[in-house]
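Everything below concerns the one structure shown next.
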Amino acid sequence: MLELAIRSGEGPVQLETLAQVQKMPERYLAKIVQDLRRAGLVRSVRGARGGYMLARAPAAIEILDIVRCLDGSVAPTECVDDPAVCVSAPKCVAREVWVDVNSAIVNVLESVTLKDLVDRRVQKLAAR
């Protein structure tokens, strides 16, 4: 997603190119991209100059959107999302801590966008 954000506005990027840049198998990346496409985070363009591009502007895609698409919940324990999985959940003080941890994770991930990551990358490269 970061690579697509970096290349935002340049048109579609071929899967082969993304796989080479990310140093990962093209088949594995294809599965990831399909999940991202189904979630509405990327779109595919067919044809000789086809490939993938962000479905929205980098500033409109939170890192939380990406993490939830690829990994599901960010909750550190199952009971945070579903208290019914544990009979002790209503009176469990440890669960309260995990709920707070989950809230902190969500707050950080939703406060950072792909544009923020692109900007950070540019700053790091400029500092070299």
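The values are calculated or read from the model by the stated rules, or taken from the named source; none is laboratory data. Every value quoted in this text rests on a predicted model; they were computed, and no experiment measured them. Heads up, the Cβs are rebuilt from the backbone with ideal geometry, glycines too, and the neighbour counts pull from every protein chain shown.
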Answer residue from the stretch 8-39, given it is touching a residue at least 40 places away in the same chain (Cβ under 8 Å) and assigned to a loop (DSSP other than H, G, I, E, B) and is surrounded by the fewest Cβ atoms within 10 Å (Cβ to Cβ) among those: 11
Among (1) over 30 Å from residue 58 (Cβ atoms); (2) modelled with pLDDT under 95 - the single one residue 125 does not satisfy: (1)
The stretch 40-68: number of residues that are surrounded by 13 or more Cβ atoms within 10 Å (Cβ to Cβ) and either of a type in the set (Val, Ile, Thr) or over 20 Å from residue 6 (Cα atoms) (or both): 7
Odd one out for residue 69, checked against (1) assigned to a helix (DSSP H, G or I); (2) modelled with pLDDT under 95: (2)
Conditions (1) at pLDDT below 95; (2) buried (at least 16 other Cβ atoms within 10 Å of the Cβ); (3) among the small types (Gly, Ala, Ser): number failed by residue 5: (1)
Output for the stretch 72-99, where each listed residue is of a type outside the set (A, V, I, L, M) and in a loop (DSSP other than H, G, I, E, B): 72, 73, 76, 77, 82, 86, 88, 92
